[in-house]
1. Pairs, please: C-beta under 7 Å, at least 6 apart or cross-chain, first residue closer than 20 Å to residue 318 by Cα and in the stretch 328-353, second outside any strand (DSSP E or B)?
2. Those residues that are more than 25 Å from residue 39 (Cβ to Cβ) and of a type in the set (Gly, Ala, Ser), I need them from the stretch 210-238; list them, please.
3. Just to be sure, is residue 94 within 45 Å of the chain's Cα centre (by Cα), at pLDDT below 85 and of a type in the set (Ser, Thr, Tyr)?
4. Kindly list, by first and then second residue, each pair from a residue in the stretch 384-406 that is farther than 19 Å from residue 373 by Cα to a residue that is in a loop (DSSP other than H, G, I, E, B), limited to pairs with Cβ atoms under 8 Å and residues at least 6 apart or on different chains.
5. Of everything in the stretch 280-312, what is surrounded by 13 or more Cβ atoms within 10 Å (Cβ to Cβ), at pLDDT 80 or above and not aliphatic (A, V, I, L, M)? Give them in sequence order.
6. Given the options 398, 369, name the one that is out of contact with any His (no Cβ under 8 Å at 6 or more places or on another chain), at pLDDT 90 or above and either of a type outside the set (Lys, Arg) or in a loop (DSSP other than H, G, I, E, B) (or both).
7. Do you know which of the residues in the stretch 441-486 that are β-branched (Val, Ile, Thr), at pLDDT 65 or above and surrounded by fewer than 10 Cβ atoms within 10 Å (Cβ to Cβ) is farthest from residue 427 (Cα to Cα)?
Amino acid sequence: MLPFKRIEILVLLLFLMISGKVNATAPLSYSGRLVNSNGSPVNGPVKLKFDLAYTTPTGVGPVLCSQLISNVDLSNGVFHVKLDPDCSPTNLTSVLAQIPSGESIVIQVTDESAGKSYSYQALNSVPSAIVASQLEKMNATPGQLLGWDGSKWVPTNEAGTGTGTVTSVGTGSGLVGGPITSVGTISIATDGVEGFHLKDGSITDTDISATAEIDQSKIKNLTTDLAAKESLISSGASTDYLNGIKSWTNFDQSVRNALLLGYTSGSATPLSATDNVMEALSKLEGQIIANDTAFDNAGQWDKDGSLIYYNTGNVGIGTATPSEKLDVTGNLALSGRLRLKDSGSNYVELKAPTTIAGTVTFTLPGTLGTNGQVLVTDALGNLSWSTPSTSSAEIVDGSIVDADVSGSASIAQSKIANLTTDLAAKEPTLIAGTAAQYLRGDKSWQTLNTDAVAEGTKLYFTEPRVLGTDLAGLSAVAGSVTDSDSVLSAIGK
């Protein structure tokens, strides 16, 4: 079931008679209509809960009585129920008697099926005139009262009498002037009449204010009916007519569309000012036929079926002095391919892309360029010759071998990894000395003599020094001398 937005046409029949027979415990007859947010009626059955309370100066007081009714049938969204709420520990009669003066009893409806509670609605006594009218329609006789026979209200003959004194007449929602304890006037309050107070079908056109501005959505089927109508058609000219696609079109007042009824082809004779349109067309067609015949029979142009070709000479377009077989002055547009043929059947073909975002124009350079150069563009379509070069990003890493490097490349040492550091760790080239020299610690060549090296420092050997050296540390052990022995160990063996 769709969630419903509101309860409308709320009608309550609260039968609390202030004179005659009193039946304070009689059930309440309550009716309402459930509709969806789009105005369509809710489908039943539904489960409804009814809560009774009364108003207070700050809002609504606590719930006094409640009743839950399951499987409530709906007819076009309308429900009718008989309320006999539980008001424990007291009863409905006592609850009604305890309502403070100036306050109203209110009821709240909750649709348990959809989990939707609605705002409290005031309950009003049914005016006696309405009750009397209803009894009259039910063919009641004088003295009869309404009674519930278990399924509906019917006129009944109640036994017994009762008397009493009215001490106060109060006014509920929609009325002003009460309470009256002696003499007074009760009248309908401003905005006190709601829709359910009005008799169905009683409102006529004269009841509605000329400035009511009733929303179109409240007029039945108006939105649909308006949508089915044409939008306002703007005015056209007096010579216009509305065509089938609903636009104004001007009537053609000329002879351009007139039919050539009775037309026949004429001879190739000149037109004259006395010719009518039909005669002029006939003469023009005759001239065209004659020219076509003459074209077929003479001249440099020939036809072969659907083919036409030029016998000799050059053809000029935009020029009277063509210098080539086809000489065009101006732009040449091709929607297909441009084929440049060789002496045989082969050709070089140029074509444009299938789709282009905009016009692309290339301007060729005015020179031939040099060997190996290529055409490049400046992004504006201006072409020029350029020597191609390759950037590092275009070379595959690790692909260059020694053979790729030119013998005269002269690559800077700074471009060789770690070479500068490695060279710095090497000695400079040594300048050659003599055979009698040695490289001293200060990296200079020196001659072996006592002037250069003082005696007693043992920094070098001489023959006398070797022969005069003592044998300190000698160990006499028998054995064979090998090339790994020192002089001292060899002497010991």
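1. Close Cβ pairs (under 7 Å, with a partner that is outside any strand (DSSP E or B)) amount to 328/318; 329/318; 329/319; 330/318.
2. Selection gives 210, 231, 234, 235, 236, 237, 238.
3. Judged against the criteria, residue 94 is not a match.
4. 405/411
5. Listed by number, the residues that qualify are 282, 283, 285, 286, 287.
6. Numbers: 398 fails: at pLDDT 90 or above.
So the residue among 398, 369 that is out of contact with any His (no Cβ under 8 Å at 6 or more places or on another chain), at pLDDT 90 or above and either of a type outside the set (Lys, Arg) or in a loop (DSSP other than H, G, I, E, B) (or both) is 369.
7. Ranking the candidates gives 477 first.
For (1) in a loop (DSSP other than H, G, I, E, B); (2) modelled with pLDDT under 80; (3) at positive phi; (4) exposed (fewer than 10 other Cβ atoms within 10 Å of the Cβ), each residue gets a yes or a no:
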{"position": "203", "(1), (2), (3), (4)": "yes, no, no, no"}
{"position": "211", "(1), (2), (3), (4)": "yes, no, no, yes"}
{"position": "220", "(1), (2), (3), (4)": "yes, no, no, yes"}
{"position": "224", "(1), (2), (3), (4)": "no, no, no, yes"}
{"position": "230", "(1), (2), (3), (4)": "yes, no, no, yes"}
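The values are calculated or read from the model by the stated rules, or taken from the named source; none is laboratory data. No experiment lies behind these values; they were computed from the predicted model shown. Counting neighbours? That spans all protein chains shown, and the Cβs are built from the backbone with ideal geometry, glycine included.
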